[in-house]
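The values are calculated or read from the model by the stated rules, or taken from the named source; none is laboratory data. Treat the numbers as computed from the prediction; the structure is a model and nothing was measured. Virtual Cβ from ideal backbone geometry, glycine too; neighbours counted across all protein chains shown.
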Amino acid sequence: MIDCTRYRQAMLAQPHDADPALREHRESCRDCNLFTERLLRFESGLERALRVALPDAAGEVVPLRARSPPRRRSSI
Amino acid sequence: MKDQVGGNHKRARFQALCQSLRPDLLRFAFWLSRDRALAEDVVQETMLRAWKAQDSLLDEAAVKPWFLTIIRREYARSFERKRFATVDIDELVAQEEPMLAAAEEQNLAELRAALFRLPDEYREPLVLQVLMGFSTAEIARELGLSGAAVLTRLFRARKQLRVLCGEDTSLDPPE
């Protein structure tokens, strides 16, 4: 059985850790349950914060190969 | 003729791959460098190097770590090419404000500013985990660390970040 310190240390490293031992501790400890709620709220903000808006052209891939120069029109 | 069709197909496939990954790669490079212009340069250079080295990509499932390794190398190279002046973090935050704030909530902007202040050795594994969805083992491989070292860095990253953001840390564990 893990204690509160181990539980919170593990959760701070991996908030979405699905280890059954962690779940078991959380379900039996009110403080750790509260800690987890706060942490997951913070984590959700962190996920959004890291998804910075990209410049307009960011989705575009610059062609890896230069385009061929435009063909000259033949003068008649 | 057949070779040309195969080449075109390969080129199109690779271009599509780059297209789908580019936003995440750009975000990763941005959090790595904390500089939008440098991030764009690094990603562009990464794409060129990846294009030249695409035959070395044996497993398409491993494409993300493959690109990230190139980005990290390119970022390191950018320091070899150019010696960057030391910049104050507040200046850095102000400089990248359009990308950090981008008309979003105030607490997101604060969180981003706090991420800027986080030491590189904590920010990088955190970005790999949260943004790129890497497992502890993948982060360890990418950064050349043990799994335990990665977990320690992730723990410290969140702990520091929460303090920087003024979160209620009364229930946080000691180091």
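I'd like to know if segment B:73-96 contains one or more residues that are at pLDDT below 90 and within 12 Å of chain A (Cβ to nearest Cβ). Scanning segment B:73-96 turns up at least one residue that is at pLDDT below 90 and within 12 Å of chain A (Cβ to nearest Cβ).
Conditions tested, residue by residue: (1) at pLDDT 90 or above; (2) closer than 15 Å to B:E124 by Cβ; (3) among the charged types (D, E, K, R).
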{"site": "B:D3", "(1), (2), (3)": "no, no, yes"}
{"site": "B:R11", "(1), (2), (3)": "no, no, yes"}
{"site": "B:R22", "(1), (2), (3)": "yes, no, yes"}
{"site": "B:L48", "(1), (2), (3)": "yes, no, no"}
{"site": "B:A62", "(1), (2), (3)": "no, no, no"}
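Looking only at residues of segment B:133-170 that are touching a residue at least 40 places away in the same chain (Cβ under 8 Å) and crowded, with 20+ Cβ neighbours inside 10 Å, we find that the one that is farthest from A:R8 (Cα to Cα) is B:F134. Taken over segment B:37-82, residues that are under 13 Å from the mean Cα position of the chain (by Cα), more than 19 Å from B:R11 (Cβ to Cβ) and of a type in the set (S, T, N, Q) amount to 1.
Please state which one of B:L21, B:L32, B:L25 is buried (at least 19 other Cβ atoms within 10 Å of the Cβ) and in contact (Cβ under 8 Å) with a residue 60 or more places away in the chain.
B:L32
Mind checking whether some residue in segment A:29-43 is assigned to a loop (DSSP other than H, G, I, E, B) and at pLDDT 50 or above? Yes; the residues of segment A:29-43 include at least one that is assigned to a loop (DSSP other than H, G, I, E, B) and at pLDDT 50 or above.
To keep it simple, each residue is scored yes or no on (1) closer than 13 Å to B:E124 by Cβ; (2) not in a helix (DSSP H, G or I); (3) not basic (K, R).
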| residue | (1), (2), (3) |
| --- | --- |
| B:A137 | no, no, yes |
| B:E142 | yes, no, yes |
| B:L145 | yes, yes, yes |
| B:T152 | no, no, yes |
| B:F155 | no, no, yes |
| B:R158 | no, no, no |
| B:V163 | no, no, yes |
| B:E167 | no, yes, yes |
| B:D172 | no, yes, yes |
